[in-house]
Amino acid sequence: MNRVSFVSRTSTFGIVAAACCFVLSGCLYDFPITAQATRKVNARLLGNWTSKDGKNKLKVVKLDDSNYIVSCDGDLYRAYHSDVADTPFVSVQNLESDKPQYAYWTWKLSDDGMLSLRNVNDKVVPDDTKDSASVQKLLKENLQNPALFGDEIQLTKDK
């Protein structure tokens with residue numbers, strides 16, 4: 001598989017899993033990583049997904065060309081690609097909150113189709129960071145820092 005195909009496939013699967021894991025996020029932010037999506041919706045992402053441990057189930061539908069709506073355990077989220085420095089990130093917005101709240105995630109898809117997700121650590125990107133530009137700067141500066149990400153979560157698409 002070529003790199004472009006791998007990155008595209010990886011990034012679309014990450015949207016789904018990130019939305020499901022929103023509730024597990026240690027840190028919520030008042031703004032997304034990027035103001036708008038950096039990629040379009042991929043049809044391969046749409047459908048039902050289950051976490052590796054079977055505890056989380058979610059459904060992903062297309063909202064428009066750049067946004068997904070995700071239902072996870074009865075909660076609704078909007079998710080979209082927020083790539084930074086050629087690294088696939090996702091901004092996931094809780095739609096049921098009175099004020100906008102976002103979680104930040106990155107992901108990797110293995111050759112066997114297992115999706116590995118990691119949330120951004122609030123010790124590296126503090127929740128009091130002032131704006132999206134500051135978040136992007138911190139992400140770029142810390143891409144090689146192993147402390148940038150939290151524990152890994154794995155999911156697969158239902159057949």
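The values are calculated or read from the model by the stated rules, or taken from the named source; none is laboratory data. Computed from a prediction, not measured in an experiment: that's the story for all the values here. Counting neighbours? That spans all protein chains shown, and the Cβs are built from the backbone with ideal geometry, glycine included. We work out accessible area using only protein heavy atoms, side chains counted, and drop any ligands, DNA or RNA first. Shrake-Rupley method; radii C 1.70, N 1.55, O 1.52, S 1.80 Å.
Summary table below
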quantity	calculated
Residue satisfying all of: in segment 113-135; in a helix (DSSP H, G or I) and within 17 Å of Gln93 (Cα to Cα); least open to solvent (accessible area, probe 1.4 Å) among these	Val135
Filter result (among the polar types (S, T, N, Q), buried (at least 17 other Cβ atoms within 10 Å of the Cβ) and under 21 Å from Asp122 (Cα atoms)) within segment 61-105	Ser82, Ser91, Gln93, Asn94, Gln101
